Amino acid sequence: MKLILSTSNLLDAGSSIRRDPTQKSNAELVSSFRANFAAHSHPSNGYTNGLGNGNKPTPRSSYTAWTHMAEDGRQELEIPKLDFEHSALQEEREQYDITVKLFYLPGAPTENRETQTREAVKLVMKELHMPSIDLLIISFPGIYFDEEEDCPDKISTRGPVEADPESLECQIKTWKTLEALHEERVVKKLGIAEFGHDRLVQFLEKTTVRPSVDQVNLRDCCSVPKKLLLLAKSKGIELLVHNDSSNVLPRGTLRELLGPEHAGAGVLAEPTRTGEKRKSMHGEEVKNGHADGEGLKGEVQPLWVVKYTAVVKNRGVVENKGYFAVAELSG
Amino acid sequence: MGLLAVGTPLEWPEAKKSASHVRSWGIEQLLALWRKAKGKERDALLWGDEVEYLVVSFDDAEREVKLSLRQADILEALASDSELIRQGGGVPDLATGEHKGGRPAPMFHPEFGRFMLEATPGKPWGIGFNDLLDVERDMKLRRKIAKEHMDPSEFPITLTTFPLLGDRKSITPFYPPSGSKLRSQFVPDEIANPHIRFPTLAANIRARRGRKVELNVPVFRDTKTTWPFKDPTVDYHLHKWPEDQDVRNGAAKDNHIYMDAMAFGMGSCCLQITFQAMNIEEGRKMYDQLSPLGPILLALTAATPIYKGFLADTDVRWNQISRAVDDRTPEELGEVPLKHDRWRIPKSRYASNSTYISQDPRLRREYLDPDLVVDEELKARLVDGGMDDRLATHFAHLFIRDPIVIFAEDLQELDLEKSDHFENLQSTNWQHMRFKPPPPGNDTGWRVEVRPMEIQITDFENAAFSVFVVLITRAILSFDLNFYLPIPRTTENMETAHSRDAVLNDQFYFRKDPLPPPQTRVNGLSSTPGSGANTPRSRGPSRPSTPTGPVEDEYELMTINEIINGKADGGFPGLMPLVESYLDSVNVDVETRCELAQYLDLIKGRASGKLWTAAKWIRRYVAEHKEYKHDSVVGDGLVYDLVKAAERITVNEGRDGYAKEMLGECREQA
C-alpha cells in the first residue's frame, strides 16, 4: 500500500522554526508532519491557548476518520486526507518564486524515479494551484558535499552516512526525467544538491539541460572550496545554501510518526515482529482510542520526500511551505 | 522633503494662535491622503536606511578635536559636484540637474545640528539578497564621498554624540554661547542649522515650555568622583536672558550632568530604517509588531556613555533627545493644576510610541496604553471622514501637540494636494516607530519607520543592524509572528534600555510565544475560517482570533540574550533563530549567506556579551586612558584620542586587530 503524508502549509503552525542550531535539521519536517496529523486527528481539541504548546493527550479519533483511502480501489492512503481547497496561493503565478526539492530516499528502488518525480511535482502544483514551478532541485541519497571540503568541524555534525552514492548512470537516468519536465515547461530551472567539484564535472558531461543550481549545506562553515566556486561560476551554476539533512526521513522516524505510541499518528500498528501484546502500563491504548488490532501492519519503506516553498518575489515573504512524503507499506 | 521650505516663521505667541488652524487643516490633508491611498495594493518591499554623521575637525599638533560647523559649506560642495549629480546623487534640497542610468549615487541632507550630515542611498533597496550586500558598500561610499567634500582635517564620524558638546569651546569656527534663540549657557545659536526652520523650532519649543529645555543625565560615579556631584560647568551668575534664571531655580540636579538646549538631543546621530509595506494593512501590522522590538534594538546598539565631558550613568541617547525637545508646559507635565492647557501629557513629543494601529484580531484591548491622550474632536472628524477608530485614534493622539514651526504664508489657503500641515504634526512627533502615509504626488506606498537604533562607529555594524531589521520584518510576515506586548511594558523597557550595559545586565518584558498557535481542522477544514480577513496575508482559512487568559501570562522578563538567541529550555525561540529559519526557507547563494552570517554573528555576539557595545568599549577606553583620573571627567586630550580611535575603527573595522572586542574576528577576512 502506498502512503501519502502531507504537512499542509507549515507556516500556519509555526513548526518551521529552527529552535536550536545543533538539532537535526529534519526537525522541521518531522514536527510539521506531527502538527498536521495532530490537527486532523484531534478534532475536539480545538483552540486552547495562544501558547502553542498544547500537545495534550486528548482523545484521538481513529486514523480511518481523518485519512483517506483512494476510492478507485488503488491501494493508496492519504495521511491526512488531501484537501486542496484552501491551499491556493493568493496572487498570480509571476509574483512567486516556487522552489521544489525532491529527496530520493536511501533504500528505495530507483526504477520508478520518473513516475515518482512527476507525481511529486504534480502534487505540489495541485497544492499551490499553480501550473508550473521555478526550480526543481533533486537530492540523491548518499552524497555529501563536505567530503571535498576543508572544514573538519563539519563532518561531526553531519550524522552517519546511511547510503552509498548511486552510480552516475543511475543519476543521469533520473536526470532525463527532469530534462523532460524542463522541456515541457513545467519546470523553469533544474538543480542538484550536495555535488562537490569532481562529481559535478562528471555529471555536467552527461547532461543535456545543465543544472542551474547546486545546493550545498554549509552548516555555519563558510568555506566553499575555490575549485567548486570557480567551476560553478564558469558554468553559470548558482551555488545556493540549504540546511536539510541528507536523509530527511529515515525508516525509523517514519514508523515513529505513524506508529501507535503517544507521539505517533496511530496509522501503523505495533511492528509485528515484536510478537508481543501491546503493553498497557501507560494506559495509552485507551487514551489514544485504539482498539486492539487497529492500525495497519507491515514493513514501511520511505520512498521520497518533496519540500516546496512559494516566496512572493518582490517582498521576500514566504507564503507557503510544506512537505509531501510517500512510503510503501508491504505486508 | 519640504524640510527647507522658506517663509516667515511665526514666533511663539503667534504660532500658538494658529495651532488649531494648522491641526484641522492637517487632519483634512491626512484624510485626503488616506482616501487616495487606502486601497493601494501590492507595493514591493522597498526600504532605505539613514546614516547620520558628526563632522569633526582634528588639530593633530595641538591634540584637539572640535565639531565643525561647516555643514552648509560641505553640503554646498556636495550639491555642486557635477559628477555626483550626474550619477544621481547630491543634495536633493539644493539639487540641480538630472542623472542617467545605473544605481544612483548617495544623497546628502542637512540635519538639525550644524555639525551634522545625513546620508541616504540614491534609491531605495529591495529584498534581492544582493541588495542586502550592497548596503554596506553604499554606506562606505557615502562616507568616502562625504569625506572628499570636507577639509583635510575634517572627518565624518558616526559617534552618537560629540563628547565635548557644550564645553563652550570645542566648535569651529567659534561662536560664544547665550544667543537669543537657544539662550543656552553652553552652546551658541550657531550650533543649529542656520535655516530659519531650526532656530525657530528650538526657540518655540523653549517659549511654549516657558523655560529652557532641561536635560539631566545621571553621572557615572567612579571611585574618585566628588559626591554629591554638582555639575561644575554650570554658570549660576548669568543675567542675559530671563531663562538664565532656570539654573537658579534648580534646573541642574545634583549627581547629574546638566544640559539646556535642543542641540544636546537633536544633535545625536541615529540609524533609521524605513520600509514600504505592500498595503496599508501590512504597514499597520509592521508598525505594531516592530514596536516591542524598539527597546531591544536600542540596548543592542548602545553607544552614548559621555555627555559634555563627563561619563554618564546611562548608555543610550534616547531620553536626552526626549528632554531636548520636550515642549510640555508645567500644566501638561502635571507640575501645576490644569488651567489653560487641555490635558496632562505623560510623554514628550520624542518618546516611545503609545499606540497600536493594526486591525489584527490578535491585538487585545488590554495591550493598549491606558494613559493615551487623544484629541476627541479631531478623532471624530477622522471617523466622520471614514477612517476606522483605531487609526483615527493614532493620528488624533499625534495631533494633541501644537505645531511648532508655522510659516505665515502657508495659512492662506488649504491645499489638499499637499501634506505640509499634516507633516507639521506628524514629523514633529518623534516616536520610536512612525507610520507614514504615501506622500502626495508620487507612487510611494505606506511606510513604517524604525527609529530607536543608535548609530554605530563602523559601516559594517550599521549595515548589520539595518539588514537584521529587514530580515526580522520578513520573518514576521512569513511566519506570522506575534510580538504584541502591552504598550506600558514597552515604555518601561525603553527606560530599562538606558542603564549601563542593559544589554547584558537587565531584563526586558517580552512575549513568551511569538509563534502562531497550531491549527485545528475538522476533517480537513479549519474550525474557524475567515478571522484573518484583515491580515495582509490571508492565506486560506485563518486561525482562530480570540486568545483567552490573562494578558500578564503572555509575557515575561527576558534577557536580551534570550530574546535574540533564544532560551536554552526551548521556550522563547529567539529572534535570530527566527531570522535563520527564514533564510533557510528562501534561496540564498553561498556568498550572500556567508556575508549575512557575519552580520548576524555580530548581533548574536552583542546579545550574548561575547562582543561589546560601543558604549562599553568607550567606557573601557576612558577607564584605561592615562589622563583619566577616575573622577568621571573626560578631558579634552582624552576626547581627542577617543575620537581618533573611533576614526581608526571606522577605517579599519577591526582588520588591524583594534576594537575586536566590539567587532569580533569576522572582519579580518574582508
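The values are calculated or read from the model by the stated rules, or taken from the named source; none is laboratory data. From a predicted model like this one, the values you see are computed outputs, not experimental measurements. Here Cβ is always computed from backbone atoms with ideal geometry, including for glycine, and neighbour counts include all displayed protein chains.
Just to be sure I understand the filter: pairs with C-beta atoms under 9 Å, separated by 6 or more residues or on different chains, first member in region A:310-321 and within 7 Å of chain B (Cβ to nearest Cβ) and at positive phi, second member small (Gly, Ala, Ser) and buried (at least 23 other Cβ atoms within 10 Å of the Cβ). Which pairs pass? Hits for this filter: A:Gly316/B:Ser478.
Of these, B:Val51, B:Val56, B:Val6, B:Val65, which one is within 30 Å of B:Leu165 (Cα to Cα) and not assigned by TED's automatic domain parsing to the domain that holds B:Arg143?
Exactly one of B:Val51, B:Val56, B:Val6, B:Val65 is within 30 Å of B:Leu165 (Cα to Cα) and not assigned by TED's automatic domain parsing to the domain that holds B:Arg143, namely B:Val6.
Looking only at region B:406-421, decide whether some residue is within 27 Å of the chain's Cα centre (by Cα), buried (at least 20 other Cβ atoms within 10 Å of the Cβ), outside any loop (DSSP other than H, G, I, E, B) and aliphatic (A, V, I, L, M). Within region B:406-421 (the criterion being within 27 Å of the chain's Cα centre (by Cα), buried (at least 20 other Cβ atoms within 10 Å of the Cβ), outside any loop (DSSP other than H, G, I, E, B) and aliphatic (A, V, I, L, M)), the answer is no, since none of the residues qualifies. If you take the residues in region B:608-634 that are surrounded by fewer than 20 Cβ atoms within 10 Å (Cβ to Cβ) and touching a Gly at 6+ places or on another chain (Cβ under 7 Å), which one is nearest to B:Arg168 (Cα to Cα)? Across region B:608-634, the extreme among qualifying residues is B:Val633.
To keep it simple, each residue is scored yes or no on (1) at pLDDT below 90; (2) within 14 Å of another protein chain (Cβ to nearest Cβ).
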{"site": "B:Arg42", "(1), (2)": "yes, yes"}
{"site": "B:Tyr53", "(1), (2)": "no, no"}
{"site": "B:Leu67", "(1), (2)": "no, no"}
{"site": "B:Gln87", "(1), (2)": "yes, no"}
{"site": "B:Phe108", "(1), (2)": "no, no"}
{"site": "B:Asn130", "(1), (2)": "yes, yes"}
{"site": "B:Val135", "(1), (2)": "no, no"}
{"site": "B:Ala146", "(1), (2)": "no, no"}
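Wholly within region B:36-155, which helices (runs of 4 or more DSSP H) include no fewer than the required count, namely at least 3 residues that are of a type in the set (A, V, I, L, M)?
Correct list: B:71-79, B:129-148.
Does B:Tyr258 satisfy the condition of being assigned to a strand (DSSP E or B) and of a type outside the set (Lys, Arg)? Spelling it out, B:Tyr258 is indeed assigned to a strand (DSSP E or B) and of a type outside the set (Lys, Arg).
Looking at (1) of a type in the set (Asp, Glu); (2) part of a loop (DSSP other than H, G, I, E, B); (3) modelled with pLDDT of 80 or more, which is the only condition A:Glu28 fails? Only one criterion is unmet by A:Glu28, namely (2).
Residue selection: B:Asp443 fails the criterion of being touching a residue at least 24 places away in the same chain (Cβ under 8 Å), among the acidic types (Asp, Glu) and outside any helix (DSSP H, G or I). Taking B:Asp569 as the residue in question, decide whether it is among the charged types (D, E, K, R), surrounded by fewer than 22 Cβ atoms within 10 Å (Cβ to Cβ) and within 14 Å of chain A (Cβ to nearest Cβ). The answer is yes for B:Asp569.
Residue by residue, here is whether (1) modelled with pLDDT of 95 or more; (2) of a type in the set (A, V, I, L, M, F, W, C); (3) at positive phi holds:
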| site | (1), (2), (3) |
| --- | --- |
| B:Asp410 | no, no, no |
| B:Glu413 | no, no, no |
| B:Thr428 | yes, no, no |
| B:His432 | yes, no, no |
| B:Arg451 | yes, no, no |
| B:Glu454 | yes, no, no |
| B:Phe465 | yes, yes, no |
| B:Arg474 | yes, no, no |
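Could you grab me the full set of residues in region A:243-254 that are assigned to a helix (DSSP H, G or I) and among the aliphatic types (A, V, I, L, M)? Before the answer, list the steps.
Kept after step one, since they are assigned to a helix (DSSP H, G or I), are these residues of region A:243-254: A:251-254.
Within region A:243-254, A:Leu254 is the sole residue that qualifies.
Only residues that are away from every other protein chain (no Cβ under 14 Å), in a helix (DSSP H, G or I) and either of a type outside the set (A, V, I, L, M) or touching a His at 6+ places or on another chain (Cβ under 7 Å) (or both) were counted across region A:198-226, and they come to 6.
In this entry, B:Phe174 passes the filter for residues that are of a type in the set (Phe, Trp, Tyr) and farther than 18 Å from B:Phe310 by Cα.
Can you tell which of B:Pro188, B:Pro228, B:Pro194 is surrounded by fewer than 24 Cβ atoms within 10 Å (Cβ to Cβ), modelled with pLDDT of 95 or more and within 30 Å of B:Gly7 (Cβ to Cβ)?
Criteria check complete, one pass: B:Pro188.
Is there a residue being modelled with pLDDT under 95, under 30 Å from B:Asp641 (Cβ atoms) and either crowded, with 21+ Cβ neighbours inside 10 Å or among the aliphatic types (A, V, I, L, M) (or both) anywhere in region B:78-85? Yes - at least one qualifying residue is present in region B:78-85. Scoring B:Leu165 on the criteria (1) surrounded by fewer than 21 Cβ atoms within 10 Å (Cβ to Cβ); (2) assigned to a loop (DSSP other than H, G, I, E, B) leaves a single failure, condition (1). One residue stands out in region B:370-414 among those that are touching a His at 6+ places or on another chain (Cβ under 9 Å) and charged (D, E, K, R): the one that is farthest from B:Thr444 (Cα to Cα), namely B:Asp375. Pairing residues of region B:14-34 that are surrounded by 17 or more Cβ atoms within 10 Å (Cβ to Cβ) with residues that are of a type in the set (Ser, Thr, Tyr), at Cβ distances under 9 Å and at least 6 apart in sequence or on separate chains, gives B:Ala15/B:Thr200; B:Gly26/B:Ser419; B:Gln29/B:Ser419; B:Leu30/B:Ser419; B:Ala32/B:Ser419; B:Leu33/B:Ser419.
Give the number of residues within region A:227-242 that are hydrophobic (A, V, I, L, M, F, W, C) and either more than 10 Å from chain B (Cβ to nearest Cβ) or in a helix (DSSP H, G or I) (or both). So the count comes out to 6.
Comparison of B:Glu591, B:Glu627, B:Glu595 shows that the only residue that is in a loop (DSSP other than H, G, I, E, B), touching a helix residue (DSSP H, G or I) at 6+ places or on another chain (Cβ under 9 Å) and of a type in the set (D, E, K, R) is B:Glu627.
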